[in-house]
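K.L.:
This is the structure I want to talk about, given as structure tokens.
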Amino acid sequence: MEEAQHYINLARQLNESGNYGNAFNSYIVALKKNPDIKDELEVEFRNTLSRHNEVLANASKMEDIFANFGKALDVYPTNANLVNDIGKYLYKFGFYTEAWAHFQRSLNLNSSSVNAEKNINSIKNLLLERWHFRMLNDKVRNEAYYNAISETVIRFKDSVLDIGTGTGILAMFATDCSATVVTGIEASENIAWLAECVTQGNNKHDIVIVNKMSTTLNYRDIGGKRSIIVTEMFDAGLLGEHVLQTLAHAWEYFAIPTSQIIPNKAEFFVIAAKSEYLNKKYHLSSEVKKWLEITLDAHLLTDDESYDCEDVDLLKDLKYMSEPQSLFKIDFNDYLDIQEMLSRSEPYSVQLTTTEDGEIHFFIGWFNLYLTKHITLTTDPRSKTKASAWQQAVFYDNIPKTVKKNSIIDLEFLINGGKLTMESDYTTPILRISQETMRFLNDMENVKMIAGCIGMASVYLGQMTEMTQTNIVDLSPFPIFGLLMLKRGIQSLFCYAKTDYDKKFFKEVFKAHNLPLSKIHILVGDGWGSEVFRHQRFHAVYYNILEICGDIDSRLRDILNDITHNHIFRGSLIIPAKINLMIQVINSNWLDVNNRVYDENVKNYKVAEYINKYEVTQNFNIDFSLLEYTAVTDALCMGSICSDTMLQVVTLPVIKDGPANAIMCWYSIEVMEGVEGLSTKRPGCFMDGTLYLIHPKTPLTAGNSLSILRCTDPDGSFKLMLGNEPTT
């Protein structure tokens, strides 16, 4: 025991000096000499290993990292945290399948682990993006492509190439139509492997899957040229998946003069529209600009994206302000037409005539795919028979304008790098801000809640010190509380800008209020920690640890914990006073379509057994105001999100017969003690919600009760799951 303690003391000394490698080895010796101390040393041992491995990772010493994990597992062979950490490094170095296996083993060792389950979900999302589920479940799209291939392929004569084959569905359609040769090309290694599994599992043994970018191949690489080329490489803006470049290359290297492309042609349409709800996602509202006392327009930071993708038919306040107009047509069976569009420098022009007085917030684009002369697919949001696999393109980077009926709106679009972009119509400077800042400010209910607490906060702080001596930190996406307190004369403000663009915007607002920038410290990005505060102490802390996606920001939570332990005075004001977790059990068909494949939607091919392995247990970024669902329980408060309870069980009464497939999760923000909480489950909220999926669907009976289990990791992240079978 004494000898083991000697090595423990040595390890701690080495840790203090930053010699993590020797500290790690000293811990190993101590633990082997006295295995009984494993439990009490686990946390500091893992922290040392983590620091040592970070140093090795920066030096790209991958083998040494995994050698260290091997030594650690000799001592802690069933430690779920260590196994999870191994998975993280496997993920970091690109060994995704192995990482998944380690995350799964970690979860098997500790089923309440939140981090391991999140890591599994991250791997699944990386290896198979969620849109694959939606596309495979689109019966309209599947039937149209099947019929088009059946109509086009001459049995026992035509050969088929499927570019961007995905899971191989279109290739199997071609095989069923007795094509002589069927080849699928897929760039993604994992999805190509899935295509192999799906095609072989459906006894389509003659289909050849090639895991390459099609534009790096020629006909010799696939065993000859093809008489029919099939593709569905389209995004909401039609051209964004580089379909023009892909098909231009295909005509040069894979096609014969009489080859046919499915789809034969495509056409893109544009319409003017308004939606206050969606407009607030892209533009700082006039109400907020008036409240901030600024006149400059602020638009969403574009990240070089020329349009956004939305299911606009779900918007409850959407109004079309013109009739649609065709922007362009493209004949995929005409190589020269494709080349002309790729090389075109002149814009495509379109004139829209407004149908009523009002405001235009943005322009919506959709397309028709003319698969054959007789079969058309559309993504027109007004159509009851539209394909649901694709969303619509929203061209939002323009100044909203007030119009009269029969006004003419001139628009110009360019093809840049094979992708559609709309020419901007503004001539004055535009400020850019992140979506976090945009949504936080455009949520006027939230803004008014914060503004409403200023009086109480000032009275409270006035009892601590003079206002001119008051120091505040505001960790919100925009420091509303800090801004209003600066106007009341506080000494200093620390705040946090997501990007440099946000920092510039912050300064413009502070200048508009004639506030001295010397009082304000703006931290930028995610690379800083609580060490930046040094010896600073704050009289008030306004925090926001809720991510826009609906999750807890564990980094900001750690910073908040450090601030409240080391950087405040006794009695300092912490706002909000409390954030409570709210839950409700629901059933939603939307979840089925977007998270699981059903074989009946893909002409009864065996697809589900291969694809549904990638089903995740959590869906983030869910706008509950747009989600169609049936509540099978009432809402319930599970208490503070800052609770230290690792496991919590609550019971909910079932109020409606029927299946349940998700637990809905949102928050109630109590800005001050005694002030009614503001729910994040409302239209226009600054953040979305989260759904924890229940699989398989659980049938429920009204009058029974249902247990929900909340598991929380030490970093504050949590997950929700059914606790047991429903009881009477």
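K.L.:
Read through the list (1) in the same structural domain as THR645 (by TED's automatic domain parsing); (2) surrounded by fewer than 17 Cβ atoms within 10 Å (Cβ to Cβ); (3) part of a helix (DSSP H, G or I), then give the number of the only condition that ILE611 fails.
P.N.:
ILE611 satisfies all of (1) in the same structural domain as THR645 (by TED's automatic domain parsing); (2) surrounded by fewer than 17 Cβ atoms within 10 Å (Cβ to Cβ); (3) part of a helix (DSSP H, G or I) except (2).
K.L.:
With respect to the numbered conditions (1) surrounded by 17 or more Cβ atoms within 10 Å (Cβ to Cβ); (2) in contact with a strand residue (DSSP E or B) (Cβ under 8 Å, 6 or more places away or on another chain); (3) under 30 Å from GLY224 (Cα atoms), which one is the sole condition not fulfilled by GLU241?
P.N.:
Every listed condition holds for GLU241 apart from (2).
K.L.:
Counting just the residues of the stretch 293-315 that are modelled with pLDDT of 95 or more and in a loop (DSSP other than H, G, I, E, B), which one comes out nearest to ASN442 (Cα to Cα)?
P.N.:
In this case the residue turns out to be LEU315.
K.L.:
Would you mind finding the one in LEU411, LEU431, LEU420 that is in a strand (DSSP E or B) and modelled with pLDDT under 95?
P.N.:
LEU431
K.L.:
Could I ask something else about it? Inside the stretch 376-435, can you point out the residues that are basic (Lys, Arg), over 17 Å from LYS274 (Cβ atoms) and surrounded by fewer than 16 Cβ atoms within 10 Å (Cβ to Cβ)?
P.N.:
LYS384
K.L.:
Still on this structure, please answer the following. Go through the stretch 83-146 and tell me which helices (runs of 4 or more DSSP H), entirely inside it, have 3 or more residues that are aliphatic (A, V, I, L, M) and either surrounded by fewer than 21 Cβ atoms within 10 Å (Cβ to Cβ) or under 23 Å from the mean Cα position of the chain (by Cα) (or both).
P.N.:
Counting at least 3 such residues, we get 96-109, 114-127.
K.L.:
Please specify each residue of the stretch 615-649 satisfying the condition of being aliphatic (A, V, I, L, M), in a strand (DSSP E or B) and either free of Cβ contacts under 8 Å to residues at least 12 places away in the same chain or surrounded by fewer than 17 Cβ atoms within 10 Å (Cβ to Cβ) (or both).
P.N.:
Result: ALA631, LEU636, LEU647, VAL649.
K.L.:
Looking at TYR543, TYR501 in this structure, which one is within 23 Å of GLU293 (Cβ to Cβ), outside the structural domain of GLU676 (by TED's automatic domain parsing), of a type in the set (Ser, Thr, Tyr) and at pLDDT 95 or above?
P.N.:
TYR501
K.L.:
While we're here: For the subset of the stretch 658-697 comprising residues that are crowded, with 18+ Cβ neighbours inside 10 Å and β-branched (Val, Ile, Thr), which member is farthest from ALA631 (Cα to Cα)?
P.N.:
VAL671
K.L.:
Looking only at the stretch 458-515, count every residue that is of a type in the set (Phe, Trp, Tyr), farther than 14 Å from LEU441 by Cα and assigned to a helix (DSSP H, G or I) and tell me the total.
P.N.:
Looking only at that region, the number is 3.
K.L.:
Taking SER530 as the residue in question, decide whether it is touching a Ser or Thr at 6+ places or on another chain (Cβ under 6 Å), among the small types (Gly, Ala, Ser) and more than 21 Å from ILE450 (Cα to Cα).
P.N.:
No, not satisfied.
K.L.:
Spot the failing condition for GLU129; the list is (1) charged (D, E, K, R); (2) within 13 Å of VAL597 (Cβ to Cβ); (3) free of Cβ contacts under 8 Å to residues at least 24 places away in the same chain, and only one is missed.
P.N.:
(2)
K.L.:
Identify all residues within the stretch 239-280 that are within 20 Å of HIS374 (Cα to Cα) and not β-branched (Val, Ile, Thr); write none if there are none.
P.N.:
Across the stretch 239-280, the qualifying residues are SER259, GLN260, PRO263, ASN264, LYS265, ALA266, GLU267, PHE268, PHE269.
K.L.:
Within the set of pairs 6+ apart or on separate chains, which have a first residue in the stretch 95-115 that is within 12 Å of LEU127 (Cβ to Cβ), a second that is buried (at least 21 other Cβ atoms within 10 Å of the Cβ) and of a type outside the set (Val, Ile, Thr), and C-beta atoms under 9 Å apart?
P.N.:
TYR96/LEU90; THR97/LEU90; ALA99/GLY87; ALA99/LEU90; ALA99/ASN119; TRP100/GLY87; TRP100/LEU90; TRP100/ASN119
K.L.:
Now, a different point. Of all residues in the stretch 575-612 being over 20 Å from the mean Cα position of the chain (by Cα) and charged (D, E, K, R), which is farthest from ASN544 (Cα to Cα)?
P.N.:
LYS603
K.L.:
From the set of residues in the stretch 596-610 that are of a type outside the set (D, E, K, R) and touching a Lys or Arg at 6+ places or on another chain (Cβ under 8 Å), which is farthest from LYS281 (Cα to Cα)?
P.N.:
Result: ALA608.
K.L.:
Of all residues in the stretch 343-375 being aliphatic (A, V, I, L, M) and over 30 Å from ARG130 (Cα atoms), which is surrounded by the fewest Cβ atoms within 10 Å (Cβ to Cβ)?
P.N.:
Among them, the one singled out is VAL350.
K.L.:
So which of LYS386, LYS329 ends up being over 18 Å from GLY240 (Cβ atoms) and in contact (Cβ under 8 Å) with a residue 40 or more places away in the chain?
P.N.:
Unique residue meeting the criteria: LYS386.
K.L.:
Restricting attention to the stretch 56-68, does a residue exist that is over 20 Å from TYR91 (Cβ atoms), small (Gly, Ala, Ser), in contact (Cβ under 8 Å) with a residue 24 or more places away in the chain and in a helix (DSSP H, G or I)?
P.N.:
no
K.L.:
Kindly provide the set of residues from the stretch 206-223 that are touching a residue at least 40 places away in the same chain (Cβ under 8 Å) and touching a Phe, Trp or Tyr at 6+ places or on another chain (Cβ under 9 Å), ordered by number.
P.N.:
Correct list: ILE209, SER214, ILE222.
The values are calculated or read from the model by the stated rules, or taken from the named source; none is laboratory data. In this text, all values refer to a predicted model and were calculated from it rather than measured experimentally. Note that we place each Cβ from the backbone using ideal geometry, even for glycine, and neighbour counts take in every protein chain shown.
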